[in-house]
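What follows draws every value from the coordinates through simple rules; no lab data is involved. All values derive from a computational prediction rather than experimental measurement. As a convention, Cβ positions derive from the backbone with ideal geometry for all residues, glycine included, and neighbour counts pool all protein chains shown.
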């Protein structure tokens, strides 16, 4: 973690956030390390699947700030990953 970087402190009652956050971080690292858009797109699809687990949480409580933050972070990550997947598809079409 960078010196001035802060991590989200989301206290998930089910523990799902912490489990998925580890996977999200692993996959994000793989996306960042992938040298080509096509490879990034493959990992981005895995990221979509990882955040979908959080978005589908059965214990989501709209009244909980932690749950709302988890959902908002997950939505943002999903949208970002979807853009990377789309970029991979566009590159495939150009090469065809």
Problem - Gain on full stretching of the segment that runs from residue 79 to residue 11 - 0.36 nm per residue minus C-alpha separation - result: 22.2 nm
Problem - Spin-label model distance (nm) - residue 94 vs residue 59, 7 Å beyond Cα toward Cβ - result: 4.5 nm
Exercise for the section: Express in nm, to one decimal, how much length is gained between residue 72 and residue 36 on full extension, taking 0.36 nm for each residue of separation and deducting their alpha carbon distance. Expected result: 10.1 nm
Practice task
Work out the FRET efficiency for residue 22 and residue 45 from their Cβ-Cβ distance, taking R0 = 25 Å, and round it to the nearest 0.05.
Solution key: 0.85
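Helix-only mean residue ellipticity at 222 nm, the chain, DSSP H runs n ≥ 4 weighted -39,500 (n - 2.57), per residue, nearest 500. What is it?
Numbers: 3 runs with 68 residues, N = 96.
Per the formula, -25000 deg cm²/dmol.
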Practice task
Grab the alpha carbons of the chain, take their convex hull, and tell me the volume per residue in Å³.
Solution key: 100 Å³
Problem - Relative packing of peptides 68-79, 52-63, 36-47 - highest average C-beta neighbours within 10 Å first - result: 36-47, 68-79, 52-63
